[in-house]
């Protein structure tokens with residue numbers, strides 16, 4: 001049931017002429033002034049000769065660019081940094097960009113995306129095209145790379161970034177925090193959180209960071225996150241990263257935000273009564289679906305959001321709430337009352353975060369589970385995550401796996417859910 005490649009949703013972002021293997025970001029940030037001075041060093045590979053290349057970068061002043069250690073000409077306009085290194089041979093090359101300015105979010109259909117000032121700190125929420133708001137990158141979800149992120153800021157602040165904290169060096173009034181993310185990561189998942197945080201361990205490799213005044217509420221609301229980790233590891237396969245941190249910022253957020261090895265929640269998502277626990281489950285599930293397995297193109301976002309929404313239902317039934325069957329019936333009824341003009345496997349850029357991506361995606365998985373049975377279904381999910389660990393995935397790859405592991409009629413079942421505009425009946 002594989003389909004032909006579709007047109008990118010954001011053709012103005014990314015360059016398919018090369019791949020980045022590693023980003024080394026050295027950032028100096030002053031919180032009150034919202035001033036960022038950065039040096040980005042990229043190690044990349046070109047499959048063929050290049051006469052030029054482009055990076056995505058927001059409205060910064062670019063002080064200079066080196067390619068393979070040599071200064072090159074460049075132009076910077078419209079969020080694109082075009083480099084003219086002369087003819088670049090196929091194979092590995094390096095780029096160094098020095099830049100400075102006041103980071104501001106990238107404008108989009110969904111508002112500002114990327115680096116954003118909080119009342120007293122910073123949040124980075126880049127999905128899908130906000131990464132250029134703070135560093136030069138090849139902003140494509142399928143160009144995944146390793147990262148080293150070094151951030152120097154005033155010592156009262158804690159810096160949390162992707163990967164493992166490998167050093168923390170304090171000077172007279174500033175502290176430099178250095179994180180390394182070894183597993184490949186898409187640019188939109190790179191993240192830095194800066195705030196006055198305390199941290200608490202929730203279990204092996206899992207922790208939560210939060211403002212001190214929210215300590216009791218946060219500890220209660222995230223108390224079962226370690227149990228979620230056990231349940232999801234059993235259903236989806238081993239947790240794909242070295243650690244996991246939930247960050248609660250001291251501002252309200254419209255929705256929580258996922259990053260690789262990290263999730264970010266607003267103060268409005270903690271109430272001391274686990275009133276938003278489904279969101280805790282949803283963001284944790286993204287570590288498998290979205291972060292380890294990343295859609296090769298944004299048309300396949302249901303592979304992120306549909307799976308994470310279904311993880312909410314799995315946690316609900318495991319933790320004594322409504323069963324997945326009950327939730328499926330409830331959401332099918334709601335979606336059936338909406339206009340029948342939505343294609344899950346290609347919703348279009350304006351509908352990237354339409355609620356039907358989430359709920360119809362979850363219903364698709366529930367229909368598959370009911371048709372296969374629990375043991376074969378969860379074995380399929382574990383095979384899916386193991387076979388594409390830290391890679392890029394497409395809807396076609398998922399349906400091909402289903403076809404290999406099931407009888408023929410299920411291929412037709414998935415076709416209706418994924419490619420038909422009308423909502424199929426629940427099996």
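Over 25 Å apart: what share of the alpha carbon pairs of region 294-419 falls there, rounded to a whole percent? I get 20 percent for the Cα pairs in region 294-419 exceeding 25 Å.
Fewest to most neighbouring Cβ within 10 Å: what's the order for 415, 216, 292?
Working: 415 14, 216 10, 292 25.
Result, fewest neighbours first: 216, 415, 292.
The simple spin-label model puts a point 7 Å past each Cα toward its Cβ; for residue 234 and residue 16 those points are separated by 4.3 nm.
Between the Cα long axis of helix 302-318 and the first principal axis of the chain there is an angle of about 60°, rounded to the nearest 10. Model label sites at residue 196 and residue 220, defined 7 Å from Cα along the beta-carbon direction, differ in position by 2.4 nm. Dividing the C-alpha radius of gyration of the chain by 2.2 N^0.38 Å, with N its residue count, gives 0.99.
State the percent of C-alpha pairs, over all pairs in region 199-287, separated by a distance greater than 15 angstrom.
Details: 2062 of 3916 pairs.
Of all Cα-Cα pairs in region 199-287, 53 percent lie more than 15 Å apart.
State the three equivalent ellipsoid semi-axes of region 190-247, derived from the C-alpha gyration tensor as the square roots of 5 times its eigenvalues, in descending order and whole Å.
Numbers: eigenvalues 100, 42, 11 Å².
Values for region 190-247, descending: 22, 15, 8 Å.
Taking the longest Cα principal axis of the chain as reference, the axis of helix 395-405 is set at about 40 degrees.
What separates the Cα centres of region 384-418 and region 317-350 is a distance of 19 Å. Subtracting the Cα-Cα distance of residue 330 and residue 370 from their residue separation scaled by 0.36 nm leaves 12.8 nm.
Between residue 172 and residue 337, the distance separating the two model label sites (each 7 Å from Cα on the Cα→Cβ line) works out to 6.5 nm. Annotation: extensible slack from residue 319 through residue 421 equals 33.3 nm (criterion: 0.36 nm per residue apart, minus Cα-Cα distance). For region 93-194, the fraction of C-alpha pairs more than 18 angstrom apart is 51%. Classification of region 256-322 by its C-alpha gyration tensor yields an oblate form. The axis ratio a/c (a ≥ b ≥ c) is 1.5 or more, and b/c is at least a/b. Note on the chain: GNM, Cα springs under 10 Å; of 107, 187, 126, the largest mean-square fluctuation is that of 107. Stretching the chain fully between residue 59 and residue 268 yields a gain of 72.1 nm (0.36 nm per residue, less the alpha carbon separation). Relative to the longest principal axis of the Cα atoms of the chain, the long axis of helix 225-236 lies at roughly 70 degrees. If you run the Gaussian network model on the chain, springs between alpha carbon atoms under 10 Å, then out of 389, 30, 80 the most flexible one is 30. With Cα atoms defining each centre, region 228-292 and region 96-133 are spaced 21 Å apart in the structure.
Each reported figure results from applying straightforward, stated rules to the coordinates on display, with no laboratory input. What you see is a predicted model; the values in this text were computed from it and never measured. Cβ sites come from the backbone with ideal geometry, for glycine too, and all protein chains shown count toward neighbours.
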